[in-house]
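One structure is given here, and the rest of the page talks about it.
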């Protein structure tokens, strides 16, 4: 009897989650080539994620008038995915680690949406980039909707990878980044970098 209950619960979970879409993981999503550049750029990048974003849990819509909070920390999934993606474009990437003395700081935006009615994943995402002393490099945004049914339990990370590809491509080919690269990614003034990083807000521990 207990075995039957377990099987029934597993089937119910699969029905709620939807069907696996077979999306490739972030490690298999490659940025577009940049003319005249052999990636990765020789630069250090820090991804900044605030504590509230890291603790945010994904909510799903299970009926027209009812939503449910899951255990998926989608802000953390976004940061992990972005770290993998950005590492293809830059030599060193870390989340919330100012000790790497970053040349570039990135703030991420992103929010997933999944409804039981159609079981498709819809994502908005963005990369907002500055030099480590606060000079804007650009805000790059995208939206990605799954063309097929998805399993939100396993597809949030791969979905974010699909969404982040366009912003990453645009950052890597941007004129502002080309100018930084042309100057050799010089280290910013330490005091200016410290003041601007402080203005971002508290940097929570990542791991």
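Where a number appears in this text, it was derived from the coordinates with a stated rule and is not lab data. Just so you know, these numbers come straight off a predicted model, no measurement behind them. A quick note on method: Cβ atoms are made from the backbone with ideal geometry, for glycine too, and the neighbour counts reach across all protein chains shown.
Which angle from 0 to 90°, rounded to the nearest 10, does the C-alpha axis of helix 190-200 make with the longest principal axis of the chain?
Value to nearest ten degrees: 30.
Taking Cα atoms, how many degrees apart are the long axis of helix 74-86 and the longest axis of the chain, rounded to 10 and kept between 0 and 90?
Compared with the principal axis, the helix lies near 50 degrees.
Between residue 71 and residue 143, what length comes free when the chain is fully extended (0.36 nm per residue of separation minus the Cα-Cα distance, one decimal in nm)?
Numbers: separation 72, 0.36 × 72 = 25.92 nm, distance 2.35 nm.
Additional length available on full extension: 23.6 nm.
Just from its helices, what would the mean residue ellipticity at 222 nm be for the chain, if runs of 4 or more DSSP H residues each count -39500 (n - 2.57) and the sum is divided by every residue, rounded to the nearest 500 deg cm²/dmol?
Working: 6 runs with 74 residues, N = 207.
It comes out at -11000 deg cm²/dmol, rounded to the nearest 500.
Give me the Kirkwood hydrodynamic radius of the chain in Å, from all C-alpha pairs, to one decimal place?
One over the average 1/r among Cα pairs gives 18.3 Å for the chain.
For the stretch 143-207 and the stretch 42-81, compute the distance between their C-alpha centroids and round to whole Å.
Distance between centres, Cα-based: 15 Å.
Suppose we keep just the DSSP beta bridges with both residues in the chain; what percent of those would be antiparallel, to 5?
70
Build a GNM of the chain with springs between Cα atoms under 10 Å: which of 131, 120, 70 gets the top mean-square fluctuation?
70
Sort 172, 164 so that the residue with the fewest other Cβ atoms within 10 Å of its own Cβ comes first and the one with the most comes last. Walk me through the intermediate numbers first.
On the way: 172 23, 164 29.
Neighbour counts put them in this order, fewest first: 172, 164.
Relative to the longest principal axis of the chain, what angle (0 to 90°, nearest 10) does the C-alpha long axis of helix 2-17 take?
So the inclination is approximately 50 degrees.
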